[in-house]
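What follows is a single structure, written as structure tokens, with notes after it.
Each reported figure results from applying straightforward, stated rules to the coordinates on display, with no laboratory input. None of these values were measured; they are calculated from a predicted model. Here the Cβ positions follow ideal geometry from the backbone for every residue, glycine too, while neighbour counts run over all protein chains shown.
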């Protein structure tokens, strides 16, 4: 018998994964993966980017997909089996678990920023140490925020009416300088930063609210508020977007960032060859190995 998590997870997949597949495809395309490469997909969730990576590296390639949540790993494994990719290994593991290393690329779509800043630095250092000399790290994150985005409108309604309630994660600062520093703290150099927009639509605002309630963070928010207080928040949201039956069509902004080892020459879809800059705050390190970085040390 399916558990409540199983039902919620599958509803989440049905509602959100198809809507955000274009962002995953953009990430894989920008990384310029080729047949036969070895790729680690960390915090893979239900596996949309895993399938895209598996297609790019082909039967001669190898993909290791990991997620700390066993249910997500199981769902990802089902997706992989249905798609017929025998070269994909799905395992329950922490984001910093890089296996044997030597990866041509490490991919993480929307998962890195669910970690604390300290955890993020540890994970990035682990990824840097596990890259092949010409390997790349590719990530997606939501943002920069758009005040007219329904996600932001709903978050404002919650903040106005329930300031003490558990709130979704804070806005993610996804500017080029911020991400460059984030990667630098992990021993990596930013080589690509671009914004993505794809159209997302819902038949009604009510459908949007129903879908967003299946996300883990928002589901907890609504559960903690209870039915009456949740109705107040959603009523405020509906007032802002034109009513519960108003169709919603919008284009969420996501940031795509790719990093490499300092001094490495890598290939990207937009450029056949780019040399990752050296990091002024780190001593030069041999390719394939990154010197430890003290996250408490202020950037000079």
Checklist line | Cα centroid separation, segment 19-47 to segment 115-144 (Å) | finding: 14 Å
Next item on the list: Set the Förster radius R0 to 30 Å, insert the Cβ-Cβ distance between residue 160 and residue 14 as r into 1/(1 + (r/R0)^6), and round the FRET efficiency to 0.05.
Entry: 0.50
Notebook entry, point to check: At each listed q (0.21 Å⁻¹), what is the log10 of I(q)/I(0) that the Debye formula gives for segment 1-124 modelled as equal alpha-carbon point scatterers?
Noted result: -1.28
Next item on the list: Find the relative contact order for the chain and round it to a whole percent, using C-alpha pairs within less than 8 Å whose residues are 6+ positions apart.
Entry: 20 percent
Next item on the list: Quick one: divide the alpha-carbon radius of gyration of segment 142-282 by 2.2 N^0.38 Å and tell me what you get.
Entry: 1.35
Margin query: Taking every alpha carbon pair in segment 103-173, what does the distance histogram look like in 5 angstrom bins from 0, in percent?
Written below: 3, 13, 19, 18, 15, 11, 8, 7, 4, 1, 0
Margin query: When only alpha-carbon atoms are used, what values of Rg and Dmax, in angstrom, describe segment 11-55?
Written below: 11.0, 34
Check: Between segment 70-108 and segment 188-250, what is the C-alpha centre distance in whole Å?
Finding: 29 Å
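Would you calculate a helix-derived [θ] at 222 nm for the chain, using -39,500 (n - 2.57) for each DSSP H run of n ≥ 4 and dividing by the full residue count, to the nearest 500? If you can, show how the numbers build up before the last one.
Working: 8 runs with 120 residues, N = 300.
Mean residue ellipticity, 222 nm, calculated: -13000 deg cm²/dmol.
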Check: If you take the alpha carbon radius of gyration of segment 53-185 and divide it by 2.2 N^0.38 Å, what ratio comes out, to two decimals?
Finding: 1.24
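Suppose a student asked you for the relative contact order of segment 19-94, using Cα pairs under 8 Å spaced at least 6 residues apart; what percent would you report? Don't jump to the answer; show the numbers that get you there.
Numbers: 135 pairs, mean separation 23.4, N = 76.
About 31 percent, as a whole number.
Could you quote the convex hull projected area for segment 49-94, Cα atoms only and averaged over all directions, in nm²?
Numbers: hull surface 11.0 nm².
Over all viewing directions, segment 49-94 projects a mean Cα-hull area of 2.7 nm².
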Check: When averaged across all projection directions, what area in nm² does the alpha-carbon convex hull of segment 223-274 cover?
Finding: 7.5 nm²
Margin query: Using only the alpha-carbon atoms, how far is helix 176-185 inclined from the longest principal axis of the chain? Give it as 0 to 90 degrees, nearest 10.
Written below: 60 degrees
Item checked: All-pairs alpha carbon distance profile, the chain, 10 Å steps from 0, percent -> 6, 26, 33, 23, 11, 2
Check: Between the helical axis of 70-83 and the dominant principal axis of the chain, each derived from Cα atoms, what acute angle in degrees is found, rounded to the nearest 10?
Finding: 80 degrees
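What translational diffusion coefficient, to the nearest whole µm²/s, does segment 25-78 have by Stokes-Einstein, given a Kirkwood radius computed over alpha-carbon pairs, a temperature of 10 °C and 1.306 mPa s viscosity? Please report the intermediate quantities before stating the final value.
Details: Rh = 11.1 Å.
For the chosen part, D equals 143 µm²/s.
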Check: If you take the beta carbon distance between residue 199 and residue 271 as r and set R0 to 25 Å, what does 1/(1 + (r/R0)^6) give as a FRET efficiency, to the nearest 0.05?
Finding: 0.35
